[in-house]
1. Which is more than 42 Å from the chain's Cα centre (by Cα), in a strand (DSSP E or B) and assigned by TED's automatic domain parsing to the domain that holds residue 550, of 562, 587?
2. Need the failing condition index for residue 215 against (1) modelled with pLDDT of 90 or more; (2) exposed (fewer than 14 other Cβ atoms within 10 Å of the Cβ); (3) farther than 25 Å from residue 124 by Cβ, just the number.
3. Within the range 538-551, take every residue that is under 50 Å from the mean Cα position of the chain (by Cα) and among the small types (Gly, Ala, Ser) and give me the one that is nearest to residue 570 (Cα to Cα).
4. Return the residues of the range 273-309 that are of a type outside the set (Asp, Glu), touching a helix residue (DSSP H, G or I) at 6+ places or on another chain (Cβ under 8 Å) and in contact (Cβ under 8 Å) with a residue 40 or more places away in the chain; say none if nothing qualifies.
5. Scan the range 409-418 and tell me whether some residue there is part of a helix (DSSP H, G or I) and either modelled with pLDDT of 65 or more or touching a Cys at 6+ places or on another chain (Cβ under 8 Å) (or both).
6. Go through the residues of the range 522-534 one by one and say whether even a single one is in the same structural domain as residue 601 (by TED's automatic domain parsing) and at pLDDT below 85.
7. If you go through the range 558-573 one residue at a time, how many are modelled with pLDDT of 85 or more and in contact with a strand residue (DSSP E or B) (Cβ under 9 Å, 6 or more places away or on another chain)?
8. For residues that are part of a loop (DSSP other than H, G, I, E, B) and buried (at least 17 other Cβ atoms within 10 Å of the Cβ), tally how many sit in the range 78-110.
Amino acid sequence: MAWLASYRLRILFRSAFLLLALATIAMALHLLQAEKQLSYRNYRYGFHKTEAQISAKLHHPAGQLALLNPPTATLTPLRPLLLPFSALDFDDQNKVQQAIEMAGCLVQYRDGSVCVAVGNNPWAGAFIYVAGSFSSAELVPHRRGEFDLTLAHRVRVEVALRGQRYRWVAPFELIDETRGVRGRLTGFVEGDRPGRPVRDFRGWLWQNPQCQEAAPPCQRRAFFSLRLPVAILGDELFRTPRPDWPPPDLDRIAVHLQVLPPGQGTPLLDSNDRDATAPFSLAELAPLLLPGETLRIGRLGQPPLLTLVGSEDQPDDGSRLLYSLIKRLPVEGYDSLLESRELIRTPLGDYTVTLTGDVRSVNRTLGAVASRLSWFVGAMLLAMLLAWLVIEIGLIRRITRLTRRAASVAQTVKGAGDLERFDLADLRGGDELGILAGCLSELLRRVREDVERECIRAEQEKDRWHAVGHEIMSPLQSLLALYGDGEHSRYIRRMQQALQILYGSASPSEAFQSSTLRLTTVDLGEFLFHVADNAPCVGIESVRFINQAGQVFVRADEYSLEDVVTHVLRNADRYRLPDSPITITLEASETAATVSLHNQGPTIAEPMLDKIFEYGVSDQPEAGANGNRGQGLFVAKTYMAKMGGTIAVRNEAAGVSFVLSLQRVVAPG
């Protein structure tokens, strides 16, 4: 079956593409079914969550207020709302404020709020309660006996019902200023000369002593509470033993309130202001409904008063084929009806709340998503087909031709060499891969020969540089004998050491890494003092040495350490600001000595902080032509590592600091 071996890879390749396409379709169907199960589970969770939210809102006093009061077409003038409470304790600021805020009856304005309501118990009195807040400067009280009411802050209220109008003006009369301003709102009939106040009119006004804003003028928050006696409503309570409460025309009672400053200025608060925000209503439950859900609210045993339907948040743009496919996917409990009923009890009757779900929204949502994802699945299948065609026509045929030509080339190319390292005998065979493996083995053999020739040439280059170094060593030895042990001899010894390091290496990086240093005990303070003192000899001016550690001994190679410091100083000199010093600071702990070399100048870019110590890295243009090989910091890092130390660089606010660290040793002797 040798002929079949040459087709084995092609058969395997085509079978893999076919299985991959089938697996993609199967995965899409499985994921679609799992997504339907997950979507249905999420929908049920969202349905019960919506049910809980609606129930919580309707059980709250604000929700019961919305149940007891049908929505009106206009917000102003204000209409009294039926409270879920029997009455308001209007004499207590905290109680009345807490009650109206909990009931949610406040109509919000730009500079205040007003709540107009009646209690749900007729025997608590046929009163209309008005409470709210506004901002004002310090309240001006009305003095008793003064007939001109316009000299003080006052509240003007007008109530219109059944063709009659009741108007009151209530000036503010101060009572206490111990903990804020507190006073009474004494009601007078508007239009009459102030005489005796209205007996059943009650009102209170409290003002916070703290300013709302620090900047002048000081505006303080004030809260008022009124009880308005409406005679026509009070008379109805005694006409029949069981009065009709609330009044059937409650939504047609108009209340207008104004808080007026002293004089004839603009009202501080006007309830007929167009910029008013209505309190919570049942219509605000609609955003809680999911698409397709229906909410019905009505009195027990009566037709629904309100029906809300969740709006569709996305168009029905799915494919019918996908819809039918999604419907056929089995999901447990999917065909059951989702519906919940709850009874909300109020002081004036019970209400039923029915929430009905619509699982078709799961199909619509999933169908719309699947329609969009079907393009990706189709694109994947199309990409597989195109990839198969490209590989089949553009690669498999070309590989077949290439194998034939490669076999011919392998037979014609001649040469000898050892290919043990690149032995590809385990890949040889009769198929395309085997032929290619044989051809690659022959090509690698030729490459090996080229590498061996390069190695011979490299050895010749090393011998030539060795000879050059030998010729330089002799004059340096003569100079050393000439100068003896003077100060200048240390630079000659450094040159000798550098040549010895580079003698037998093919590359400078290998030479520095393979070098061996002779470590001795060095007084680091004295050493750095001489380096800073001799820096001008090598063209580096203004080098300052600060010894903060005294006499410190370390284990180091003196010449190599001087090379390290010199390389760092040259870099610092290259980048420092003109006429700025380079500071060398010596610090020490019990176990280590730290040398910091700081210059004032530009900082190093963050990506270069870890690269500047690599061989050949330099930011100078045409570095090689200018003599900058990018090896100074590489040499410094290599020498420091061989001496058991480290070198690091960090950016600072005024420049750059290189930090050298060496292990501290005990002083000799």
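The values are calculated or read from the model by the stated rules, or taken from the named source; none is laboratory data. On a predicted model such as this, the values are computed, not experimentally measured, just so you know. Counting neighbours? That spans all protein chains shown, and the Cβs are built from the backbone with ideal geometry, glycine included.
1. Working: 562 fails: in a strand (DSSP E or B).
Only one candidate passes the filter, namely 587.
2. Answer for residue 215: the failing condition is (1).
3. Taking the candidates together, the pick is 542.
4. Listed by number, the residues that qualify are 279, 280, 281, 282, 285, 288, 289, 290, 291, 292, 295, 297.
5. So the first thing to find is which residues in the range 409-418 are part of a helix (DSSP H, G or I), and the list is 409-412.
Now restrict to residues that are either modelled with pLDDT of 65 or more or touching a Cys at 6+ places or on another chain (Cβ under 8 Å) (or both): 409-410.
Yes, some residue in the range 409-418 is part of a helix (DSSP H, G or I) and either modelled with pLDDT of 65 or more or touching a Cys at 6+ places or on another chain (Cβ under 8 Å) (or both).
6. First, pick out the residues of the range 522-534 that are in the same structural domain as residue 601 (by TED's automatic domain parsing): 522-534.
Then keep just the ones that are at pLDDT below 85; that gives 534.
Checked against the condition, which is being in the same structural domain as residue 601 (by TED's automatic domain parsing) and at pLDDT below 85, the range 522-534 yields at least one hit.
7. 8
8. Taking the range 78-110 and keeping what is part of a loop (DSSP other than H, G, I, E, B), we get 79-80, 83-92, 104-106, 109-110.
Applying the additional criterion that residues be buried (at least 17 other Cβ atoms within 10 Å of the Cβ) yields 79-80, 83-85, 87-88, 90, 104-106, 109.
Here the count works out to 12.
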